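> Please find one structure pasted underneath; my questions will follow.
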Amino acid sequence: MSTKFHDQASRDRFVRELDMNFSVRAAAGAGKTTAIVQRVVTLATSERAAETVPRLVVVTYTVKAAEEMKQRARTEILKVAAKGGARGVEAANRLNRAFFGTIHSFCLLLLRRFGPMAGLLVEAGSESRGNELWLEFVRTEAEDESLIPRDLRRDLLKVVEWKDVLKTAAQLAASSVDWKTYCDRNPAILHPAARAALVLDPAALDAVQATRKGTSAELCDKWKTKWRQFATLWNDPAAQYVPPLGYDGRGGAEMVREMGRMRDAVDEWTGRAILALAVDLALRFERLRWRRGLITFQDQINGVLRLLQSRDALRAIRREGYRVLLDEAQDTDPKQFEILTQIVRPENAEARPWTDSKKDPPGPGRFCMVGDPQQCIYSSRASLAVYEDYHNALISTPAGAELTFDVTCRCGREIIGLVNGVFPALLDGREGQAGFVRLQEKPGVHEAQVVRLRLTRELLGLEGDPEGISKDRAVLAEARWLARWVREKGGRNLGAQGLGGVAVLFARKEGGTVFHEGFLKENVPAQLFSGLGTNRGEPAYLWLTALLKVVLRPDDEYELAGVLREIFG
């Protein structure tokens, strides 16, 4: 039986052809990390290693992934050295000069090294420092009334609270927008006309007539009076608060139409004024962060994009000859793609994004990306359409090519069959959805087991009106039934050495607590592993809980709070 993978030719190309720009689509469990490590090892032990390794940039999604990848590369290089290869020893020493890390840490490196060329001087700030800085900003600059037109502030605060403006500003400040660039491109948002005070006409509805006499006419007159009061109070410089109009949609068709027009004008002005002030505050807070050098993760991205607008800085960065290996490409956002591709293009290429110009692509071997559009999980930030744009642009260049790793090392035969049978209908490639790539078995694939359980209300003992069954009760019943089923089957019949090798996975974290309770109620030992935070390790909660236990159960000895009982006597 052959020991070669079905996709071995693609894997070999990725590892050996160092002057190619590959876009690799790697299915779940296909060994993409191993492939990246092997390409790094090949680079580090090649004849051009002294030139290329110090310029190698391996971008991963997390710091942990970067550390693991670097350690695995070092281990493989040391294996080469152990076989007597002189290049292996040199490569192990040289690997420290390569970059392994997140896009944010790489951007910080670029800003520290090249930022002064564009007037960007930074230090690494933390998110917690950023929060402290926002509170300081609110206490000082944001409360400075001289920075906000008096009429605008007066009229706006009649209908909204200042804290609501600050809340909107905080949300804008925490977003991914570069507010300096945004305001440069949209100057009208901060134009005085956008922040001018609104004057209402108290007589605007005087000509409105009800179509019918009686109640409709009375309501029409009522709302004309209320509008005059509202508009008069709105225009009064001494007024501190204007109660909501509270229009109920009565008084005739003409009143509904005209009142709607007036209210739309007020709402439009209010929204525009809040946005103008919030953007102004977000912009000034952004300037403060850069002035203090306490920039956020998103500032690091935006800062490099500003840096790349400096012709001298862009050319200097491109002269470095970086070689980028991008992991988890499907979760890379447009700004990050732009940065990583801009720095590997020819020195004199234009500054606008490569996918816009379709000219001057990355140099040979300068950019490779590995991803799986089937596993895109950050849709709020990343975009499959953007990923596909860069994928298609890359493979259409002379040095570009598409590779597919579809052999999975993670699953047994039956599980692979289940996935291949179910997922084509889910990932159908339509309406922006990724297309499904069928998984292939590795040589010598192990057997596996797929069991589908059909749980009914009768089986779970939930007979009666479904409307009267709470969600927690239903989940607990399912958990207890599953606990009994697992106990009866035993670990070996489920492919494990014992019950300790059986794991129950949940679509939602909240279900874990209920399932854990259900297993314990059926006397099936179980541990709960959850990413949900608890207060168990917080002294303020831990000691108070222990104290309460001591008071309520004074006869316990040497339990969780036994020591405290002994201390308290």
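> Can you find a residue in segment 33-51 that is at pLDDT below 90, within 29 Å of Pro334 (Cα to Cα) and surrounded by fewer than 19 Cβ atoms within 10 Å (Cβ to Cβ)?
So far as segment 33-51 goes, no, none of its residues is at pLDDT below 90, within 29 Å of Pro334 (Cα to Cα) and surrounded by fewer than 19 Cβ atoms within 10 Å (Cβ to Cβ).
> Select, from Leu460, Leu439, Leu427, the only residue that is under 30 Å from Ala477 (Cβ atoms), out of contact with any Pro (no Cβ under 7 Å at 6 or more places or on another chain) and not charged (D, E, K, R).
Values: Leu439 fails: under 30 Å from Ala477 (Cβ atoms); Leu427 fails: under 30 Å from Ala477 (Cβ atoms).
Sole residue among the options that is under 30 Å from Ala477 (Cβ atoms), out of contact with any Pro (no Cβ under 7 Å at 6 or more places or on another chain) and not charged (D, E, K, R): Leu460.
> For Gln300, state whether it is within 19 Å of the chain's Cα centre (by Cα), modelled with pLDDT under 95, buried (at least 22 other Cβ atoms within 10 Å of the Cβ) and within 30 Å of Val37 (Cα to Cα). Before you say what the answer is, go through the steps one by one.
Details: within 19 Å of the chain's Cα centre (by Cα): yes; modelled with pLDDT under 95: yes; buried (at least 22 other Cβ atoms within 10 Å of the Cβ): yes; within 30 Å of Val37 (Cα to Cα): yes.
In short, yes.
> Now for a different question. Could you list all residues from segment 239-261 that are of a type in the set (A, V, I, L, M, F, W, C) and under 25 Å from Arg153 (Cβ atoms)? Working first, answer last.
Going through segment 239-261, the residues of a type in the set (A, V, I, L, M, F, W, C) turn out to be 239, 242, 245, 253, 255-256, 259.
Hits for segment 239-261 are Ala239, Val242, Leu245.
> Say we look at segment 436-468 and pick out the residues that are touching a residue at least 40 places away in the same chain (Cβ under 8 Å) and assigned to a loop (DSSP other than H, G, I, E, B); which of these is surrounded by the fewest Cβ atoms within 10 Å (Cβ to Cβ)?
Gly444
> Count, please, the residues in segment 3-61 that happen to be in contact with an Asp or Glu (Cβ under 9 Å, 6 or more places away or on another chain), under 19 Å from Val89 (Cα atoms) and part of a loop (DSSP other than H, G, I, E, B).
Number of matching residues: 1.
> Here's another thing I want to ask about it. For segment 195-223, which positions are surrounded by 15 or more Cβ atoms within 10 Å (Cβ to Cβ), under 26 Å from Leu275 (Cβ atoms) and among the hydrophobic types (A, V, I, L, M, F, W, C)?
Once the filter is applied, which keeps residues that are surrounded by 15 or more Cβ atoms within 10 Å (Cβ to Cβ), under 26 Å from Leu275 (Cβ atoms) and among the hydrophobic types (A, V, I, L, M, F, W, C), segment 195-223 yields Ala196, Ala197, Leu198, Leu200, Ala204.
> While we're looking at this one, here's another question. List pairs: first in segment 526-545 and under 15 Å from Phe515 (Cα atoms) and assigned to a loop (DSSP other than H, G, I, E, B), second among the hydroxyl-bearing types (Ser, Thr, Tyr) and at pLDDT 70 or above, Cβ under 8 Å, 6+ apart or cross-chain?
Filtered contacts from segment 526-545: Leu528/Thr513; Ser530/Thr513.
> Could you check segment 399-416 and list, in sequence order, the residues that are outside any strand (DSSP E or B) and touching a residue at least 40 places away in the same chain (Cβ under 8 Å)? Walk me through how you get there before you give the answer.
Pass one, segment 399-416, residues outside any strand (DSSP E or B): 399, 406, 409-416.
Those that are outside any strand (DSSP E or B) and touching a residue at least 40 places away in the same chain (Cβ under 8 Å): Ala399, Asp406, Cys409, Arg410, Cys411.
> A follow-up question, please. How many residues does segment 194-251 contain that are part of a helix (DSSP H, G or I) and at pLDDT below 85?
First, the residues of segment 194-251 that are part of a helix (DSSP H, G or I): 194-195, 215-235.
Narrowing further to those that are at pLDDT below 85: 194-195, 215-217.
Adding up the residues that qualify gives 5.
> Does Asp406 qualify as being more than 28 Å from Gly321 (Cα to Cα) and touching a His at 6+ places or on another chain (Cβ under 8 Å)?
On the way: more than 28 Å from Gly321 (Cα to Cα): yes; touching a His at 6+ places or on another chain (Cβ under 8 Å): yes.
Criteria met by Asp406.
> Would you check which residues across segment 516-551 are at pLDDT 85 or above and touching an Asp or Glu at 6+ places or on another chain (Cβ under 8 Å) and list them?
Gly518
> Residues of segment 397-435 being touching a Leu at 6+ places or on another chain (Cβ under 8 Å), modelled with pLDDT of 80 or more and surrounded by 15 or more Cβ atoms within 10 Å (Cβ to Cβ), which ones?
Correct list: Gly400, Asp406, Val407, Thr408, Cys411, Ile416, Val419.
> Ok, one more. Within segment 224-279, take every residue that is among the acidic types (Asp, Glu) and loosely packed, with under 14 Cβ neighbours inside 10 Å and give me the one that is nearest to Val199 (Cα to Cα). Full working, then the answer.
Initial filter on segment 224-279 (among the acidic types (Asp, Glu)): 236, 248, 254, 258, 264, 267-268.
Next, from what is left, pick out any that are loosely packed, with under 14 Cβ neighbours inside 10 Å: 236, 248, 264, 267-268.
Values: Asp236: 10, Asp248: 23, Asp264: 14, Asp267: 13, Glu268: 13 Å.
Among those residues, the one meeting the criterion is Asp236.
> Specify which of the listed residues (Arg287, Arg272, Arg306) is part of a helix (DSSP H, G or I), under 27 Å from the mean Cα position of the chain (by Cα) and not assigned by TED's automatic domain parsing to the domain that holds Glu51. Working first, answer last.
Working: Arg272 fails: under 27 Å from the mean Cα position of the chain (by Cα); Arg306 fails: not assigned by TED's automatic domain parsing to the domain that holds Glu51.
After applying the criteria, what remains is Arg287.
> Suppose we keep only residues that are over 25 Å from the mean Cα position of the chain (by Cα) and of a type in the set (A, V, I, L, M, F, W, C) within segment 344-358. Which one would you say is surrounded by the fewest Cβ atoms within 10 Å (Cβ to Cβ)?
Ala351
> Go over the candidates Leu135, Leu156, Leu121, Leu111 one by one and state the one that is outside any helix (DSSP H, G or I), modelled with pLDDT of 75 or more and of a type outside the set (D, E, K, R). Explain how you work it out, then say what you get.
On the way: Leu135 fails: outside any helix (DSSP H, G or I); Leu156 fails: outside any helix (DSSP H, G or I); Leu111 fails: outside any helix (DSSP H, G or I).
That would be Leu121, the only listed residue that is outside any helix (DSSP H, G or I), modelled with pLDDT of 75 or more and of a type outside the set (D, E, K, R).
> Looking at segment 165-189, I want the residues that are free of Cβ contacts under 8 Å to residues at least 40 places away in the same chain and assigned by TED's automatic domain parsing to the domain that holds Leu305 and have a partner that is hydroxyl-bearing (Ser, Thr, Tyr) and in a loop (DSSP other than H, G, I, E, B) with Cβ atoms under 7 Å, at least 6 apart or on another chain. Which pairs are those?
none
> Of (1) buried (at least 17 other Cβ atoms within 10 Å of the Cβ); (2) of a type outside the set (S, T, N, Q); (3) free of Cβ contacts under 8 Å to residues at least 24 places away in the same chain, Asp12 satisfies all except one. Which?
For Asp12, the exception is condition (1).
> Also, quick follow-up: Considering only segment 2-34, how many residues are more than 26 Å from the chain's Cα centre (by Cα) and among the small types (Gly, Ala, Ser)?
Within segment 2-34, the subset more than 26 Å from the chain's Cα centre (by Cα) is 2-21.
Within this subset, residues satisfying the condition of being among the small types (Gly, Ala, Ser) are 2, 9-10.
Of the residues in that region, 3 qualify.
The values are calculated or read from the model by the stated rules, or taken from the named source; none is laboratory data. All of these numbers come straight from a predicted model, not from anything done at the bench. Heads up, the Cβs are rebuilt from the backbone with ideal geometry, glycines too, and the neighbour counts pull from every protein chain shown.
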